[in-house]
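Working notes, beginning with the structure itself.
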């Protein structure tokens, strides 16, 4: 599943704040901030994509269980929600892939 890119991008000012978090006196060239911003955007987009796959898998698994037990009252057929468990499932893999 591909995630739409119709979202706000990470701002350059946010990236600069993150880069200077531990040392506010650190000087960083604008090109470095732009490159770091691009990497952060790619990381977040990929994390969202992978977490949505996990959420979709869990939703399908719950649908299968509900169909098997013949109770489908609590199922949300409109889609699925990404929660912290989906982020935690992909966190280690993401860090290894982006290191």
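The values are calculated or read from the model by the stated rules, or taken from the named source; none is laboratory data. Just so it is clear, the model here is predicted, and its values are computed rather than measured. Positions of Cβ are backbone-derived with ideal geometry, glycine not excepted, and every protein chain shown enters the neighbour counts.
Values for this structure:
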quantity: Breaking point among (1) surrounded by 10 or more Cβ atoms within 10 Å (Cβ to Cβ); (2) at pLDDT 90 or above, for residue 22; calculated: (1)
quantity: Per-region count, the stretch 20-39, residues touching a helix residue (DSSP H, G or I) at 6+ places or on another chain (Cβ under 6 Å) and either part of a helix (DSSP H, G or I) or closer than 26 Å to residue 83 by Cα (or both); calculated: 3
